[in-house]
Amino acid sequence: MKLIVFTKDGATRLGVVEGDSVADASAAGFADVAAVAAGGAAALDKVAAAAAQGAKHALGDVTPALPVARPSKFVCVGLNYALHAREGGHEIPTYPSFFLRFPASLVAAEAPVIRPKCSEQLDYECELAIVIGKGGRHIAEKDALGHVFGYTMFNDVSVRDFQRKTSQWTPGKNFDGTGPLGPVVVTADELPPGASGLRITTRVNGNTMQDSNTEDMIFSTQRTIALLSEFTTLEPGDVIATGTPSGVAHARKPPAWMKAGDIVEVEIDGIGVLRNPIVDEA
């Protein structure tokens, strides 16, 4: 099932994407995908039943909202593709470079990404994102996929000079309005195990800047979940962004920083396209 949270006529609704249309499933009573994830299979049944009876909208006529409005945890994995680690001058990691995103940094598909006044070094990063369904602690790698509700797309837009001010990446990864997420969440049963083997790309103004495959991740979905759950209890609706491949703007000569007026798109096979315009901070 392909779920979307959208606004229509001033109301925020849950829907099911069916081709080029959205079936309104708000009668199921779930505010966002996190609530569905917490309800498990029974919740998905309710959503499917509501969608079968709900109004149909053209996909182009609705405005995407964040699929998970305020995740209790939004964890990112840095340096999870070998070529990307090397292009940044890093060794291939033996343990993930985990860092966190603030909810205030997240934006929905089609919403503007804000280039801050204090920097011109705005970079794109296409990423597969995991949405946790079944929570837990000390999750074994062999059991980890049973804790996945579904997958979506993330663009870990980074302000590179602020990222490099210290060894901690928090500033450069948490500017307001720099973390596009969505627009859809595809349930795990519709994708290969761990969402491995999917082409993942970034385009800026139609030009392909990153082009890789999720099978090239150093730390798989299973491994990432197992390692995270060693130190924190995962909860339904938690989001884990799994890192970006090579081709980012800062590694190009000259760097290909994004600027106002650009359109950035992340695409992952089997999930869809996450599209956002770039604007300057007011």
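The values are calculated or read from the model by the stated rules, or taken from the named source; none is laboratory data. Note that the structure is predicted; figures quoted are calculated from it, not measured. Glycine also receives a Cβ, built like all others from the backbone with ideal geometry; neighbour counts cover every protein chain displayed. When the accessible area is computed, the model is the full protein with side chains, heavy atoms only, and any ligands, DNA or RNA have been set aside. Shrake-Rupley method; radii C 1.70, N 1.55, O 1.52, S 1.80 Å.
So, residue 184, is that one within 22 Å of residue 267 (Cβ to Cβ), over 16 Å from the mean Cα position of the chain (by Cα) and either of a type in the set (Phe, Trp, Tyr) or surrounded by 18 or more Cβ atoms within 10 Å (Cβ to Cβ) (or both) or not? It would help to see each step written out before you state the result.
Details: within 22 Å of residue 267 (Cβ to Cβ): yes; over 16 Å from the mean Cα position of the chain (by Cα): no; either of a type in the set (Phe, Trp, Tyr) or surrounded by 18 or more Cβ atoms within 10 Å (Cβ to Cβ) (or both): yes.
Taking the combined requirement at face value, the residue does not satisfy it.
Pairs meeting the criteria (first residue in the range 97-121 and farther than 20 Å from residue 76 by Cα and at pLDDT 95 or above, second residue assigned to a strand (DSSP E or B) and among the basic types (Lys, Arg), beta carbons under 9 Å, at least 6 apart or on different chains) are 110/275.
Looking across the range 205-221, the residues that are in a loop (DSSP other than H, G, I, E, B) and surrounded by 15 or more Cβ atoms within 10 Å (Cβ to Cβ) come down to 218, 219, 220. Checked against the criterion of being under 25 Å from residue 213 (Cα atoms) and free of Cβ contacts under 8 Å to residues at least 12 places away in the same chain, the candidates 91, 87 yield just one match: 91. Among the residues of the range 243-259, not a single one is within 19 Å of residue 121 (Cα to Cα), assigned to a strand (DSSP E or B) and modelled with pLDDT of 95 or more.
The condition of being assigned to a helix (DSSP H, G or I), farther than 28 Å from residue 112 by Cβ and at pLDDT 95 or above holds for residue 47. Scanning the range 136-175 for residues that are open to solvent by less than 40 Å² (accessible area, probe 1.4 Å), touching a residue at least 24 places away in the same chain (Cβ under 8 Å) and in a helix (DSSP H, G or I) yields a total of 4. From the list 224, 202, the one residue that fits, being of a type in the set (Ser, Thr, Tyr), open to solvent by less than 20 Å² (accessible area, probe 1.4 Å) and either within 30 Å of residue 138 (Cβ to Cβ) or part of a loop (DSSP other than H, G, I, E, B) (or both), is 224.
One residue is enough: does the range 125-133 have a residue meeting the conditions assigned to a loop (DSSP other than H, G, I, E, B), closer than 15 Å to residue 153 by Cα and aliphatic (A, V, I, L, M)? Walk me through how you get there before you give the answer.
Within the range 125-133, the first condition is being assigned to a loop (DSSP other than H, G, I, E, B), and the residues that meet it are 125, 133.
Those still in the list that are closer than 15 Å to residue 153 by Cα too: 125.
Filter once more, keeping what is aliphatic (A, V, I, L, M): none.
The answer is no, given that none of the residues of the range 125-133 is assigned to a loop (DSSP other than H, G, I, E, B), closer than 15 Å to residue 153 by Cα and aliphatic (A, V, I, L, M).
Restricting the first member to the range 32-51 and to residues that are closer than 22 Å to residue 183 by Cβ and free of Cβ contacts under 8 Å to residues at least 24 places away in the same chain, and the second to residues that are aromatic (Phe, Trp, Tyr) and not in a helix (DSSP H, G or I), the beta-carbon pairs closer than 7 Å and six or more apart or on different chains are 43/30.
Of all the numbered requirements in (1) under 24 Å from residue 14 (Cα atoms); (2) out of contact with any strand residue (DSSP E or B) (no Cβ under 6 Å at 6 or more places or on another chain), residue 127 misses one, and that requirement is (2).
Just need a number here: residues in the range 22-46 that are of a type in the set (Gly, Ala, Ser), on the phi < 0 side of the Ramachandran plot and open to solvent by 30 Å² or more (accessible area, probe 1.4 Å). Walk me through how you get there before you give the answer.
The initial filter retains those residues of the range 22-46 that are of a type in the set (Gly, Ala, Ser), namely 23, 25-29, 31, 34-35, 37-43.
Next cut, on the phi < 0 side of the Ramachandran plot only: 23, 25-28, 31, 34-35, 37-39, 41-43.
Cutting the leftovers down to open to solvent by 30 Å² or more (accessible area, probe 1.4 Å) gives us 26-27, 31, 35, 38-39, 41-42.
Adding up the residues that qualify gives 8.
For the range 96-111, enumerate the residues that are surrounded by fewer than 20 Cβ atoms within 10 Å (Cβ to Cβ), part of a loop (DSSP other than H, G, I, E, B) and touching an Asp or Glu at 6+ places or on another chain (Cβ under 9 Å). The answer is 102, and nothing else. Determine whether the range 5-13 contains at least one residue that is surrounded by 17 or more Cβ atoms within 10 Å (Cβ to Cβ), among the aliphatic types (A, V, I, L, M) and under 16 Å from residue 237 (Cβ atoms). Scanning the range 5-13, I find at least one residue that is surrounded by 17 or more Cβ atoms within 10 Å (Cβ to Cβ), among the aliphatic types (A, V, I, L, M) and under 16 Å from residue 237 (Cβ atoms), so the answer is yes.
Among the residues of the range 260-282, those identified as outside any loop (DSSP other than H, G, I, E, B) and either modelled with pLDDT under 95 or buried (at least 16 other Cβ atoms within 10 Å of the Cβ) (or both) are 264, 265, 266, 267, 268, 272, 274, 275, 276, 278, 279. Kindly evaluate residue 65 against the criterion of being over 16 Å from residue 239 (Cβ atoms), buried (at least 16 other Cβ atoms within 10 Å of the Cβ) and not basic (Lys, Arg). No: the conditions fail for residue 65.
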